[in-house]
1. State to the nearest 20 debye the size of the charge dipole of the range 37-146 about its Cα centre, where the only charges are +1 on K and R beta carbons and -1 on D and E beta carbons.
2. Applying 1/(1 + (r/R0)^6) with R0 = 22 Å to the Cβ-Cβ distance of residue 20 and residue 107, what FRET efficiency is obtained, to the nearest 0.05?
3. Note down the Stokes-Einstein diffusion coefficient of the range 81-146 in µm²/s, whole number, using a Kirkwood radius over alpha carbon pairs, 10 °C, and 1.306 mPa s.
4. Consider a paramagnetic label point 7 Å from the Cα of residue 127 along Cα→Cβ; state which residues of the range 24-50 have an amide N under 17 Å from it.
5. Which one, 74, 110, 138, projects farthest toward the positive side of the charge dipole computed for the range 1-143 from Cβ point charges (K/R +1, D/E -1)?
6. How far apart, in nm, are two points set 7 Å out from the Cα along the Cα-to-Cβ line at residue 138 and at residue 86?
7. Run the numbers for residue 99 and residue 68: contour at 0.36 nm per residue of separation, minus the present Cα-Cα distance, in nm.
8. In square nanometres, what is one fourth of the surface area of the convex hull spanned by the alpha carbons of the chain?
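No lab work stands behind these numbers, since they all come straight from the coordinates. Being a predicted model, the structure only gives us computed values, none of them experimental. Here the Cβ positions follow ideal geometry from the backbone for every residue, glycine too, while neighbour counts run over all protein chains shown.
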Amino acid sequence: METPSPRIRQNYPANLVAAVACYLIAAAWYSTFMQKWLDGTGRTHEWLVTSGLNPAIQYGTSLLCAFIVATVLSAFIQISGPQSLWRGMKVGAGAWLGFVVPVWGTEYIFEIRPWSLYAINCGFWLIGLVVVGAIVGIWRKKDSAH
């Protein structure tokens, strides 16, 4: 007999707060590792400034993507059991280990990118996913049966 799937209830305010937290962590992380990140990408700060891409598009895309991550991670947390801080952190870390590390590892090995850049990018996502998971894990909707 098939077990019924849990009903997923998105808490969009929680997802938005988690996305903003992830965005702010990214800002602090990449500001801290800016030069090493630039070296790893083979770019310079001057190149970034003169690339012609509107920074509002870059930052807006980053925030939108963080919101999508928060929304999907919230669904993963709910599917895995009752929402909680600890479950959210575990699911965030599991998503990092199961998706970010191997996907980026494959990209980096074939693109022949430096492992220092891999560590910077994967390090951010470990922290980001654990924090996002914690926020959406602990912040349940008031009408949620979880």
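1. On the way: 7 positive and 5 negative charges, 107 e Å.
Result for the range 37-146 is approximately 520 debye, rounded to the nearest 20.
2. The calculated FRET efficiency here is 0.25.
3. The Stokes-Einstein estimate is 124 µm²/s.
4. 24-38
5. Most positive-ward Cα: 138.
6. Once both label points are built, they end up 1.4 nm from each other.
7. Roughly 9.7 nm would be gained on extension.
8. On the way: hull surface 41.5 nm².
Mean orientational projected area (the chain, Cα hull): 10.4 nm².
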